[in-house]
Structures are given as C-alpha cells and as structure tokens.
1. Take the conditions over 25 Å from residue 246 (Cβ atoms) and either touching a strand residue (DSSP E or B) at 6+ places or on another chain (Cβ under 9 Å) or at pLDDT 95 or above (or both) and apply them to residue 113. Does it pass?
2. Looking only at segment 70-86, how many residues end up being closer than 23 Å to residue 201 by Cβ and either in a helix (DSSP H, G or I) or touching a strand residue (DSSP E or B) at 6+ places or on another chain (Cβ under 6 Å) (or both)?
3. Inspect all residues belonging to segment 48-56 and state whether any of them is assigned to a helix (DSSP H, G or I), under 16 Å from the mean Cα position of the chain (by Cα), surrounded by fewer than 16 Cβ atoms within 10 Å (Cβ to Cβ) and touching a residue at least 12 places away in the same chain (Cβ under 8 Å).
4. Going by the conditions given, is residue 228 at pLDDT below 95 and either over 19 Å from residue 124 (Cβ atoms) or out of contact with any helix residue (DSSP H, G or I) (no Cβ under 7 Å at 6 or more places or on another chain) (or both)?
5. Take segment 89-112 and flag every residue that is under 19 Å from residue 236 (Cα atoms) and surrounded by fewer than 19 Cβ atoms within 10 Å (Cβ to Cβ).
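The values are calculated or read from the model by the stated rules, or taken from the named source; none is laboratory data. Keep in mind that this is a model prediction, so the values were computed, not measured. Neighbour counts are summed over all protein chains in view; Cβ atoms, including those assigned to glycine, are modelled from backbone coordinates with ideal geometry.
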C-alpha cells in the first residue's frame, strides 16, 4: 500500500506539472514541463542531502567527538543491516533530528545540539531508530523528489502566465481563465498531495523504529520532550525547506488549522499509535 501511495503521489505531481505547462505553453510547454520535472528529480536525487545539510548549518562529527551518538548509531545500523550513515550536528538549541540521502549507502543523519543535551540514552536510541527507519525505507529520497516537483509546480503556477500562452488565440484565451485558477489552486494541490505522504511516513518510521529497538517507550518519551521543548524554543538554524524532514516540526503552531496543514501528524496521535503497538521479537 505504501508503494502504491508513493507512486500515485509522484505521478500525480508530475501530471499536474505537465498540465500547467500545457495550459501556459501548449504541447511544447507540456514537453518542457516534463523535461523540467526530470531535471529537478535528478538534482533532488544527487544533491538534496547536501542542500539540506548545508541549509541547516550541520557540521560533520567524528567518533572521538561524540562517542555516545556513534555507539547508538552503529548498534542500530548493525541490527538493521544497513551501513552507518554519516553523522552531523546542527548548532541549534531546539531539539530535533533529520535524515537525508538517496539510499542507505549515501545517507546522513543530523541531530541538534539541543537534542543531544536533552535526551537520555533510551530516548536518543528511539530518535535514532526513527531516523534510520527513514533511511532503510527510502523515505527521504521519495520526500525530496516530491518536494522538488511540488516546488516546481508552485513556481510554474506563479510565473506561467508571463512565460507564454497556448498555440493559438483560442488556446491563449482558455489558458487565461484556467491559468488564473491554477495560479491559486496548483500550489495548494501540490501541497496537499505531498502532505499525505509526509504524514504517513512519520507513523511508519515510528513503528519501524520501535520495532528496531524492541520497545516504543524511549521514542514515546523522546516525542513528548520534543513536542514540549519545540513549543518553547524557537528554531533558528533549520530552514523551512528542511523542516518537513525533521522528526517533529520546528516551531509548532497551536491552532487546529496549523495542525491540519502541518507536514507532520499530531504528536498526540503518533504517541497513541506507539502505545497501541505490539512488538514482535526479532530473531
């Protein structure tokens, strides 16, 4: 089901991008939009991890600098049968963590200084297991590509009317009306499609992480702390474009509307799902 949902999302975003290209540029515009999607996907595939790490100011750390973090990461990576990701620390007081990379062999995990100071060993293990689940399930690559296409849709919807019209006068007249609608609706549609995947992947990573550790209690405690502290400590280093990758959304809004349009599901729901889990012992 997850593969079907992900495939549907990426195909839908690409078709929406091609529709915008067709409206504003006719058949040629549709072809250009498809080429644009391919190029943007290639950029996301090879460089999304570097962009995310650079934009957050993450710095690589060695085993000698953070033996506690390396010990947890190496133990869990061995249990998951994946290579140990490169480790980074973000100079940020607000506790958070994110993983990025195109596959387990080219993955990185970044944690903030605030998270390292706040979490005890069980909680740190729960957070790292969650991030390794994203790596093992290829969630980060899929999310990066989806975000890239969604960004391209938003860009074309805003600038399409100034980039040309249809193939004849009648096409241009129709494009004008539809173009106005797309100007407002396309970015929203792209966001809502992406939101469905972003929320689901967090539940999946929570469950897989708890199974990896052998119990959900460390992750539950970590999520409770992360929710409380991220409401009090503003995020300064992690950029909005990277926030969707984080284990919890930085700078949470308190209102219902904010929760509805958040790329992360409510922490209360995530914690409730973890409490209801049945852990199957791993052999």
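1. Taking the combined requirement at face value, the residue does not satisfy it.
2. First, the residues of segment 70-86 that are closer than 23 Å to residue 201 by Cβ: 72-73, 76-77, 79-86.
Going one step further and asking which of them are either in a helix (DSSP H, G or I) or touching a strand residue (DSSP E or B) at 6+ places or on another chain (Cβ under 6 Å) (or both), we end up with 72-73, 76-77, 79-80, 85-86.
Of the residues in that region, 8 qualify.
3. yes
4. For residue 228, the condition - at pLDDT below 95 and either over 19 Å from residue 124 (Cβ atoms) or out of contact with any helix residue (DSSP H, G or I) (no Cβ under 7 Å at 6 or more places or on another chain) (or both) - is met.
5. If we filter segment 89-112 for residues that are under 19 Å from residue 236 (Cα atoms), which is where we start, we get 89-99, 109-112.
Correct list: 91, 93.
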